[in-house]
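Taking it in order: structure first as structure tokens, then the write-up.
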Amino acid sequence: MESISKGLEDVNIKWTKLTTIDGEKGILRYSGYQIEDIINAGALAEEIQYLFLNGELPNRSQLDLFREKIEAGYDVPDYVLNAITNLPRSSDVVALQMNAIAALAATEPFKWDKATNRDYAAKLIGQMASITATGIRHVLGKEPVKLKSSDSLARSFLSAVFDSEPSERAVAALNTALILYLDHEVPASTTAGLVVVSTMADMYSGVAGALAALKGPLHGGAAEAAAMQFKEIGSPDMVESWFKENIDSGKKRLMGFGHRVYKTYDPRAKIFKSIAENIGLTGEAKNLYEIATKLEKLGVNKFGPRGIYPNTDFYSGIVYMALGFPLQNNIYTALFALSRVTGWTAHFIEYVEEQHRLIRPRAVYVGPQERKYIPLQERK
Ligand code: ACO
């Protein structure tokens, strides 16, 4: 039988100048810049978004112009927000994002064109921010919202969701999360979106496809699933018995652990953990953090020798909770998507402009050989 590449493991589907991962050493670089250097330098998320869409870091006036393009997206049409508010408040927020993005796919006059692709992508970052803020507010019983201009996307987003001025610490933490989740080469979501745009469907449809793939618990859904797992454990002194019953027994996978590419610590997990350590956790977030650190030790002890370590989703939920986002309706995965929309669109542009070809793999047929069709009335 001809061989297949299960899970497309180690299959290269495109060239990229965007992100590189050294899975053995746990190194992540955005267009050559190491993730720790970007974060330690206090970069604004919009600078890195510009880097992904334009290949170089912006100077001040380039950044200002780019931010104007993002902010032009904040004012999404009401019918896009209605695509969210028409659905029940019990909805999954990632599915609400998909519905709103599908409304843009239905109405925006998009055409792939080198002269305008990046402007559409910048606007889409802004549109996604108002869509995500409205999706989160909707499941919390609040009215729709459109972001207002400020000195950063992170500040505008927090003000819009919570109707109040965020602290500088909260703005900095969300800004960092926006950078950490911005791109990760070609995981399932990016690949799904690339399949969509390889047919020359529009950028919005590509994002809707990517969102659908992100939603599952083996990918972006792990951002919520990991925090849910800490909540299920309940308290730090229950970690050992829970681990024995659920992980040692093989009943469950440890969420927020393991990665197709990293065979050591995901560098983003370390950064999220250090934000959690320094953000001044209280209440439930503090309790979940104590559970998580105990669980991390047991998980690394058991799985480390097999190259399975904490991934970016292990501590991110605790940071989101500390920022005031509740653990419900897949909100944490929707926040992941808010950031990743930049990586998705940057990969789509790179693919369509420089290396386009319809993605159409093959399957190895293993069913019955040629058979004679028997009409229904003659079948027993
Ligand atoms: N807990 C327990 N066992 C695990 C875990 C885990 N988190 N991850 C991998 N394994 C085991 C599998 O059971 C399997 O064991 P086996 O060979 O005895 O059957 C082996 O490791 C290989 O697992 P695969 O699923 O084939 O490996 P893959 O490379 O596809 O794994 C994945 C990647 C899907 C992320 C996996 O590690 C996983 O399910 N993790 C939990 C979910 C999660 O945290 N996802 C987020 C990933 S990061 C992101 O998308 C942002």
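Details
- Met255 vs. criteria touching a helix residue (DSSP H, G or I) at 6+ places or on another chain (Cβ under 7 Å), under 21 Å from Leu158 (Cβ atoms) and touching a residue at least 40 places away in the same chain (Cβ under 8 Å): no
- Residue satisfying all of: in region 266-288; assigned to a loop (DSSP other than H, G, I, E, B) and open to solvent by less than 60 Å² (accessible area, probe 1.4 Å); farthest from the ligand (Cβ to nearest atom) among these: Gly280
- Looking only at region 1-28, and only at residues there that are assigned to a loop (DSSP other than H, G, I, E, B) and open to solvent by less than 80 Å² (accessible area, probe 1.4 Å), the one that is nearest to Arg118 (Cα to Cα): Leu18
- Residue check, Gly220 in a loop (DSSP other than H, G, I, E, B), under 22 Å from Pro326 (Cβ atoms) and more than 14 Å from the ligand (Cβ to nearest atom): no
- Residue check, Leu174 crowded, with 23+ Cβ neighbours inside 10 Å and under 24 Å from Lys273 (Cβ atoms): yes
- Residues satisfying the stated conditions in region 152-163, i.e. open to solvent by less than 40 Å² (accessible area, probe 1.4 Å) and part of a helix (DSSP H, G or I): Leu153, Ala154, Arg155, Ser156, Phe157, Leu158, Ser159, Ala160, Val161
- Complete set of residues in region 112-151 that are of a type outside the set (A, V, I, L, M, F, W, C), without any contact (Cβ under 8 Å) to a residue 24 or more places away in the chain and open to solvent by 60 Å² or more (accessible area, probe 1.4 Å): Asp113, Lys142, Glu143, Asp151
- Applying a threshold of 6 Å to beta carbon distances and a minimum spacing of six or more residues, or different chains, the list of pairs starting in region 352-380 at a residue that is more than 30 Å from Met203 (Cβ to Cβ) and ending at one that is open to solvent by 100 Å² or more (accessible area, probe 1.4 Å) reads Val364/Glu2; Val364/Ile4.
- Within this structure, Tyr320 passes the test of being in contact with a Leu (Cβ under 9 Å, 6 or more places away or on another chain), of a type in the set (Ser, Thr, Tyr) and surrounded by 21 or more Cβ atoms within 10 Å (Cβ to Cβ).
- Among the residues of region 58-103, those that are open to solvent by less than 70 Å² (accessible area, probe 1.4 Å) and touching an Asp or Glu at 6+ places or on another chain (Cβ under 7 Å) comprise Pro58, Leu63, Phe66, Arg67, Ile70.
- For region 244-264, a residue qualifies if it is under 27 Å from Phe336 (Cα atoms) and away from the ligand (no atom under 11 Å from the Cβ), and exactly one does: Thr264.
- Number of residues in region 29-59 that are in a helix (DSSP H, G or I) and not aliphatic (A, V, I, L, M) equals 9.
- Output for region 299-315, where each listed residue is in a helix (DSSP H, G or I) and touching a strand residue (DSSP E or B) at 6+ places or on another chain (Cβ under 8 Å): Gly299, Val300, Phe303, Phe314
- Residue check, Met228 open to solvent by 10 Å² or more (accessible area, probe 1.4 Å), at pLDDT 95 or above, of a type in the set (A, V, I, L, M) and farther than 25 Å from Thr107 by Cβ: yes
The values are calculated or read from the model by the stated rules, or taken from the named source; none is laboratory data. Because the structure is predicted, anything quoted here is derived from the model rather than measured. Cβ: placed from backbone, ideal geometry, glycine included. Neighbour counts: every protein chain shown. To get the accessible areas, we keep the full protein, side chains included, count just its heavy atoms, and leave off ligands, DNA and RNA. Shrake-Rupley method; radii C 1.70, N 1.55, O 1.52, S 1.80 Å.
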